[in-house]
Amino acid sequence: MSSSHCIAIALVCIAFLLGGISVSHAQLSSTFYDSTCPNVTNITRGVIENALLSDPRIGASLIRLHFHDCFVNGCDGSILLNNSDTIESEKEAARNNNSVRGFGVVDDIKTALESACPSTVSCADILAIAAEESVSLAQGPSWAVLLGRRDGTTANRTGADISLPSAVDTLDTLKMVFLAVGLNTTDLVSLSGAHTFGRARCPTFSGRLYDFNNTGSPDDTLNSTYLETLQGICPQNGNETGLANLDLTTPDTFDNNYFSNLQLENGLLQTDQELFSTTGADTIDIVNNFSSDQSAFFASFVESMLKMGNISVLTGSEGEVRLNCGRVNANASGSESFLHSSIETRDNAEYKSAI
């Protein structure tokens with residue numbers, strides 16, 4: 001781990017210990033919209049179902065948006081904000097640029113909800129609901145999402161570079177990143193299990209294929225047969241647009257095969273395989289348990305998603321309910337006020353990005 005990364009992680013940990021980052025269930029409820037927008041879940045699900053017809057990756061992309069939102073300033077929808085005179089968008093942070101996608105589907109959900117329930121459902125809650133529905137639609141577990149989040153009015157690009165994990169982090173670094181937002185080692189393994197569906201671009205794992213950590217050789221924790229497959233997808237010095245399934249066995253199904261893959265050294269990302277191949281790691285027993293017991297994985301995943309979804313939430317009169325997920329309300333006006341949170345990035349980056 002680089003010294004700069006150590007310092008950055010230490011600062012985040014200090015912020016957590018001082019109370020700057022917290023996990024809170026205050027004022028959140030699974031029945032929050034029962035009287036004001038009773039069809040919020042069905043509307044969200046319908047939009048995602050339609051998106052899946054043309055983009056089987058979108059479910060994994062939506063849960064990733066929720067993850068990247070919650071790890072930076074809490075679950076406040078800040079990941080959705082565009083650049084403005086006063087906001088530096090988190091979308092362009094190094095850990096997000098060409099990595100997060102799905103903004104157009106969030107726009108479509110917001111448009112549908114504004115039509116049914118104007119000025120009611122926050123963008124932060126849309127991300128939480130969309131994450132659950134995406135997992136459920138991929139044959140994973142369902143759960144009652146706690147709702148009532150309000151949207152933040154600013155973004156934190158620097159925080160995104162500090163607070164989000166990298167695909168090349170060591171296990172110790174991953175643990176610190178999760179601890180900084182109040183999540184433990186079991187949460188780390190459970191939430192990593194979301195890599196049971198979706199795709200990743202070559203740059204996120206090609207460092208393992210040819211010259212791992214400047215050794216001149218591939219990562220020795222990568223199965224040799226799988227290595228050859230990945231080298232075919234991502235030739236050395238080739239283009240960066242190649243995609244590989246995060247789960248090589250059931251890439252569009254939410255199941256526990258991700259953990260079985262790790263046992264066979266078939267984890268795609270370095271951070272995936274670190275969970276099982278780090279000598280003496282306490283994560284190994286958790287991986288083994290989840291590999292042998294899908295119900296245990298599902299139960300732990302739901303618990304961890306609920307914890308993550310409650311990181312530093314804004315409730316009550318805090319923040320706002322954005323009319324447009326890409327702009328704070330002071331800047332949301334005119335005929336496009338309900339539409340296209342990512343209008344300047346949707347065409348250019350939406351379908352080139354990672355997971």
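Overview of results
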{"quantity": "Residues (of a type in the set (Gly, Ala, Ser) and closer than 18 Å to residue 198 by Cβ) located in region 94-111", "calculated": "99, 102, 104"}
{"quantity": "Residue within region 286-296 that is of a type in the set (S, T, N, Q), within 19 Å of residue 71 (Cβ to Cβ) and under 23 Å from the mean Cα position of the chain (by Cα) present", "calculated": "no"}
{"quantity": "Every pair of residues 6+ apart whose Cβ atoms lie under 9 Å, when the first sits in region 140-157 and is within 16 Å of residue 120 (Cα to Cα) and of a type in the set (Gly, Ala, Ser) while the second is modelled with pLDDT of 95 or more and not in a loop (DSSP other than H, G, I, E, B)", "calculated": "148/29; 148/125; 152/78; 152/124; 152/314; 152/320"}
{"quantity": "Filter result (under 30 Å from residue 186 (Cα atoms), free of Cβ contacts under 8 Å to residues at least 40 places away in the same chain and among the hydrophobic types (A, V, I, L, M, F, W, C)) within region 214-251", "calculated": "227, 230, 248"}
{"quantity": "Condition broken by residue 105, with the remaining ones in (1) buried (at least 18 other Cβ atoms within 10 Å of the Cβ); (2) β-branched (Val, Ile, Thr); (3) in contact (Cβ under 8 Å) with a residue 60 or more places away in the chain satisfied", "calculated": "(3)"}
{"quantity": "Single residue of 225, 173, 241 found to be surrounded by fewer than 17 Cβ atoms within 10 Å (Cβ to Cβ), modelled with pLDDT of 95 or more, outside the structural domain of residue 59 (by TED's automatic domain parsing) and of a type in the set (S, T, N, Q)", "calculated": "225"}
{"quantity": "Condition broken by residue 316, with the remaining ones in (1) assigned to a loop (DSSP other than H, G, I, E, B); (2) outside the structural domain of residue 76 (by TED's automatic domain parsing) satisfied", "calculated": "(2)"}
{"quantity": "Residue that is surrounded by the fewest Cβ atoms within 10 Å (Cβ to Cβ), among those in region 257-271 that are over 17 Å from the mean Cα position of the chain (by Cα) and outside any helix (DSSP H, G or I)", "calculated": "264"}
{"quantity": "Selection from region 280-298 of residues that are touching a Leu at 6+ places or on another chain (Cβ under 8 Å) and either of a type in the set (D, E, K, R) or over 17 Å from residue 194 (Cβ atoms) (or both)", "calculated": "281, 284"}
{"quantity": "Residue that is more than 18 Å from residue 185 (Cβ to Cβ), buried (at least 16 other Cβ atoms within 10 Å of the Cβ) and hydrophobic (A, V, I, L, M, F, W, C), where the choices are 254, 290, 297, 276", "calculated": "254"}
{"quantity": "From 144, 128, residue being surrounded by fewer than 24 Cβ atoms within 10 Å (Cβ to Cβ) and within 22 Å of residue 321 (Cα to Cα)", "calculated": "144"}
{"quantity": "Residue in region 213-232 that is of a type in the set (Phe, Trp, Tyr) and touching a Cys at 6+ places or on another chain (Cβ under 8 Å) present", "calculated": "no"}
{"quantity": "Residue list for region 159-205, restricted to those being of a type in the set (Val, Ile, Thr) and either more than 18 Å from residue 93 (Cβ to Cβ) or without any contact (Cβ under 8 Å) to a residue 60 or more places away in the chain (or both)", "calculated": "170, 185, 186, 189, 196"}
{"quantity": "Subset of region 108-125 (residues that are over 17 Å from residue 309 (Cβ atoms) and surrounded by 24 or more Cβ atoms within 10 Å (Cβ to Cβ))", "calculated": "110, 113"}
{"quantity": "Cross-chain or 6+ apart pairs with Cβ under 8 Å, region 262-277 first and on the phi > 0 side of the Ramachandran plot, then surrounded by fewer than 23 Cβ atoms within 10 Å (Cβ to Cβ)", "calculated": "265/221; 265/222; 265/223; 265/226; 265/273; 265/277"}
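The values are calculated or read from the model by the stated rules, or taken from the named source; none is laboratory data. Quantities reported herein were computed from a predicted structural model and do not represent experimental measurements. Heads up, the Cβs are rebuilt from the backbone with ideal geometry, glycines too, and the neighbour counts pull from every protein chain shown.
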